[in-house]
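Engineer: Questions regarding the structure given below will be posed in turn.
The values are calculated or read from the model by the stated rules, or taken from the named source; none is laboratory data. These numbers come from a predicted model, not from an experiment. Ideal geometry is used to build each Cβ from the backbone, glycine not excepted, and the neighbour counts take in all protein chains shown. The accessibility values were calculated without ligands, DNA or RNA, using every heavy atom of the protein model including side chains. Shrake-Rupley method; radii C 1.70, N 1.55, O 1.52, S 1.80 Å.
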Amino acid sequence: MDILTLNCGSSSAKYQLYRWKEKRILAKGIVERVTIGGSFISHEVMGKEKVKMERECPTHKEAIALIMEMLIHPEHGVIDNVSQIQAVGHRAVHGGEKFKKSIIVNDEAMKTFKELADLAPLHNPPNIMGIEAAQQLIPNIPHMAIMDTAWHQTMPNFSYIYALPYEWYEKDHVRRYGFHGTSLLYIAKRASVLLGKDPFKTNIVSAHIGNGVSFNAVKNGVSFDTSMGFTPLEGAVMGTRVGDHDVGIDLYMMEKLGLSPSEMNKILNKKSGVLGITGKYTDRRDIEIAAKKGDERAKLAIEIEGYRGKKYIGSYMAALGHTDAIVFTAGVGEMSSTIRNKMVQGLEEFGVIIDPEKNELSRTRNAETDITGNGSKVKIFVIPTDEELVMTEDTVALLEGRYDVHTNFRYSFQDPHYVNRLREESFKKSLEKNPELLKIKAKIPGID
């Protein structure tokens with residue numbers, strides 16, 4: 001059984017093809033710069049060198065067609081025909097209150113996604129385009145929607161209700177929803193494995209830091225609170241999103257500059273965050289390079305992002321009462337020792353101590369690492385996320401009629417013996433270049 005997962009962002013399309021019976025990734029990759037010109041695909045097959053091919057993809061339909069072409073390519077492909085794909089799992093960012101778990105896509109679901117598109121303007125529209133394109137290119141098989149918001153359905157009402165007119169919640173469903181659910185679910189389950197604890201007796205603070213950023217308080221194994229809100233705009237400082245701020249500023253500037261709601265929405269979602277601070281950068285790697293060269297606004301962006309992240313970690317530790325671990329994940333969380341350090345510095349009184357040397361070493365997306373310092377009461381892990389595996393497992397379970405909410409469902413990666421073979425192979429190559437990485441590889445109690 002071969003399962004394809006697709007994660008269509010505003011200008012990208014990530015994919016993974018997984019052979020379920022063998023529990024093996026056949027191929028994975030990403031098409032970048034979709035819709036904006038200069039598109040290219042990075043395609044990786046286990047045991048082979050990564051392949052890059054340039055191809056213009058003005059829409060997500062061309063991007064998905066390119067993915068299909070690579071999967072059956074005579075030299076770089078892994079299957080003979082796309083008919084070998086038995087189901088497709090799609091990332092769906094906003095499910096509102098209607099979808100509390102992953103679903104099989106039908107006309108009614110697509111109608112709801114379109115109605116919710118304005119709530120996640122950077123993600124829901126390309127998610128919808130990706131589903132529709134894949135349905136045209138690979139018809140006659142089930143397509144599943146894996147909900148980003150489903151993980152957060154366990155939040156208590158005092159976490160998700162805003163101090164706004166209550167009828168807005170009753171009539172218009174205005175509430176905190178939270179996002180990055182597939183990533184945060186994976187991180188929470190893996191953290192419990194690394195801690196050697198029952199997942200439903202585990203408290204962690206997760207920091208998913210990429211272009212979008214989510215902090216998540218996980219209490220007794222379920223989402224208790226999260227930084228993103230009604231839309232992905234609320235919360236921490238992000239690549240282009242403003243995060244928490246005084247909404248009075250929006251009203252003031254709209255009146256002062258004569259901005260329409262749609263114009264202000266574009267500014268808050270696409271022209272703010274670290275881009276707004278630096279004036280030109282969204283990639284944290286570029287910001288760190290610029291800061292080292294003396295760019296004061298780049299330095300300021302790092303300080304602001306680190307400080308705001310630390311406030312979220314501290315407040316969530318207070319909300320949990322007891323914290324077993326702080327976990328960093330996603331592109332920046334996995335690769336930026338600078339941002340991680342800024343976010344935990346000063347939390348020593350909370351029992352949080354980072355090891356500077358281990359933190360600096362931890363720049364791999366192929367191993368779970370432990371960067372906890374001596375004497376720390378709280379573990380600090382860096383866990384590469386695997387949204388694609390969550391999507392694959394939900395898709396298979398839906399296909400086989402055994403899927404349920406995560407509190408009643410056990411994933412393969414909750415097994416202490418679970419191994420991601422593709423990552424393990426890549427990590428072995430990294431060890432050949434830098435044997436020191438072995439010092440920070442997280443140990444699994446009872447196994448290592």
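Engineer: Suppose we filter Gly210, Gly258, Gly196 for residues that are touching a residue at least 24 places away in the same chain (Cβ under 8 Å), small (Gly, Ala, Ser) and farther than 26 Å from Lys310 by Cβ; which single one remains? Explain how you work it out, then say what you get.
Structural biologist: On the way: Gly210 fails: farther than 26 Å from Lys310 by Cβ; Gly258 fails: touching a residue at least 24 places away in the same chain (Cβ under 8 Å).
Just a single option satisfies the conditions, and that option is Gly196.
Engineer: On to the next question. Of the numbered conditions (1) of a type in the set (Gly, Ala, Ser); (2) farther than 25 Å from Ile204 by Cβ; (3) surrounded by 14 or more Cβ atoms within 10 Å (Cβ to Cβ), Ala163 satisfies every one except a single condition; which is it?
Structural biologist: Condition (3) is where Ala163 drops out.
Engineer: How many residues does the stretch 174-193 hold that are in contact with a Phe, Trp or Tyr (Cβ under 7 Å, 6 or more places away or on another chain) and surrounded by fewer than 24 Cβ atoms within 10 Å (Cβ to Cβ)?
Structural biologist: The total comes to 4.
Engineer: Follow-up. Based on what the data block shows, is Ala163 in contact with a Ser or Thr (Cβ under 9 Å, 6 or more places away or on another chain) and not hydroxyl-bearing (Ser, Thr, Tyr)? First the steps, then the outcome.
Structural biologist: Working: in contact with a Ser or Thr (Cβ under 9 Å, 6 or more places away or on another chain): no; not hydroxyl-bearing (Ser, Thr, Tyr): yes.
The answer is no for Ala163.
Engineer: Step by step: first the residues of the stretch 148-174, then only those that are over 30 Å from Phe413 (Cβ atoms) and charged (D, E, K, R), then the one that is farthest from the chain's Cα centre (by Cα). Which residue is that? So that I can check it myself, show each step before the final result.
Structural biologist: First, the residues of the stretch 148-174 that are over 30 Å from Phe413 (Cβ atoms): 157-158, 161-174.
Then keep just the ones that are charged (D, E, K, R); that gives 167, 170-172.
Working: Glu167: 32, Glu170: 29, Lys171: 30, Asp172: 27 Å.
Top of the filtered list is Glu167.
Engineer: Specify the residue that is nearest to Ala207 (Cα to Cα); the eligible residues are those in the stretch 281-306 that are among the basic types (Lys, Arg) and surrounded by fewer than 21 Cβ atoms within 10 Å (Cβ to Cβ). Talk me through it step by step, then tell me what you get.
Structural biologist: Looking only at the stretch 281-306, we keep the residues that are among the basic types (Lys, Arg), and these are 284-285, 292-293, 297, 299.
Adding the requirement that they be surrounded by fewer than 21 Cβ atoms within 10 Å (Cβ to Cβ) leaves 285, 292-293, 297, 299.
Values: Arg285: 18, Lys292: 25, Lys293: 28, Arg297: 24, Lys299: 21 Å.
Checking each candidate, the answer is Arg285.
Engineer: Could you please give the count of residues in the stretch 22-41 that are assigned to a loop (DSSP other than H, G, I, E, B), touching a residue at least 24 places away in the same chain (Cβ under 8 Å) and closer than 29 Å to Leu398 by Cα?
Structural biologist: 1
Engineer: Going by the conditions given, is Met129 crowded, with 21+ Cβ neighbours inside 10 Å, under 29 Å from Ile267 (Cβ atoms) and either hydrophobic (A, V, I, L, M, F, W, C) or modelled with pLDDT of 95 or more (or both)? Steps first, please.
Structural biologist: Working: crowded, with 21+ Cβ neighbours inside 10 Å: no; under 29 Å from Ile267 (Cβ atoms): yes; either hydrophobic (A, V, I, L, M, F, W, C) or modelled with pLDDT of 95 or more (or both): yes.
Criteria not met by Met129.
Engineer: Can you tell me which residues in the stretch 307-343 are polar (S, T, N, Q) and either open to solvent by less than 30 Å² (accessible area, probe 1.4 Å) or closer than 26 Å to Asn366 by Cβ (or both)?
Structural biologist: Thr323, Thr329, Ser336, Ser337, Thr338, Asn341 - these are the residues of the stretch 307-343 that are polar (S, T, N, Q) and either open to solvent by less than 30 Å² (accessible area, probe 1.4 Å) or closer than 26 Å to Asn366 by Cβ (or both).
Engineer: Could you please find all residues in the stretch 283-309 being farther than 12 Å from Ile339 by Cα, in a helix (DSSP H, G or I) and not acidic (Asp, Glu)? Spell out how you get there, then give the answer.
Structural biologist: Here is the first cut: in the stretch 283-309, the residues farther than 12 Å from Ile339 by Cα are 283, 286, 289-298, 300.
Next, from what is left, pick out any that are in a helix (DSSP H, G or I): 286, 289-292, 296-298, 300.
Across the stretch 283-309, the qualifying residues are Ile289, Ala290, Ala291, Lys292, Arg297, Ala298, Leu300.
Engineer: Evaluate the following for Glu44: is it of a type outside the set (A, V, I, L, M), under 16 Å from Tyr18 (Cα atoms) and either touching a residue at least 40 places away in the same chain (Cβ under 8 Å) or part of a helix (DSSP H, G or I) (or both)?
Structural biologist: Details: of a type outside the set (A, V, I, L, M): yes; under 16 Å from Tyr18 (Cα atoms): yes; either touching a residue at least 40 places away in the same chain (Cβ under 8 Å) or part of a helix (DSSP H, G or I) (or both): yes.
Judged against the criteria, Glu44 is a match.
Engineer: Continuing with the same structure: Which ones in the stretch 1-21 are open to solvent by 40 Å² or more (accessible area, probe 1.4 Å) and either assigned to a strand (DSSP E or B) or closer than 18 Å to Met391 by Cβ (or both)?
Structural biologist: Correct list: Met1, Lys14, Arg19, Lys21.
Engineer: Filter the stretch 64-103 down to the residues that are of a type in the set (Gly, Ala, Ser) and either on the phi > 0 side of the Ramachandran plot or touching a strand residue (DSSP E or B) at 6+ places or on another chain (Cβ under 9 Å) (or both) and list them by number.
Structural biologist: We begin by selecting, within the stretch 64-103, every residue of a type in the set (Gly, Ala, Ser); these are 65, 77, 83, 87, 89, 92, 95-96, 102.
Once the filter is applied, which keeps residues that are of a type in the set (Gly, Ala, Ser) and either on the phi > 0 side of the Ramachandran plot or touching a strand residue (DSSP E or B) at 6+ places or on another chain (Cβ under 9 Å) (or both), the stretch 64-103 yields Gly77, Ala87, Gly89, Ala92, Gly95, Gly96, Ser102.
Engineer: Is there any pair linking a residue in the stretch 152-177 that is touching a residue at least 24 places away in the same chain (Cβ under 8 Å) to one that is assigned to a helix (DSSP H, G or I) and open to solvent by 50 Å² or more (accessible area, probe 1.4 Å), with Cβ under 7 Å and at least six apart or on different chains, and which?
Structural biologist: Partner pairs satisfying both residue conditions: Val174/Trp168.
Engineer: From the list Val332, Val274, which one is part of a helix (DSSP H, G or I) and at pLDDT 95 or above? Write out each step before concluding.
Structural biologist: Numbers: Val332 fails: at pLDDT 95 or above.
None of the other options fit; the residue is Val274.
Engineer: Out of the stretch 315-328, which residues are touching a Gly at 6+ places or on another chain (Cβ under 9 Å) and not hydrophobic (A, V, I, L, M, F, W, C)?
Structural biologist: Passing the criteria: only Thr323.
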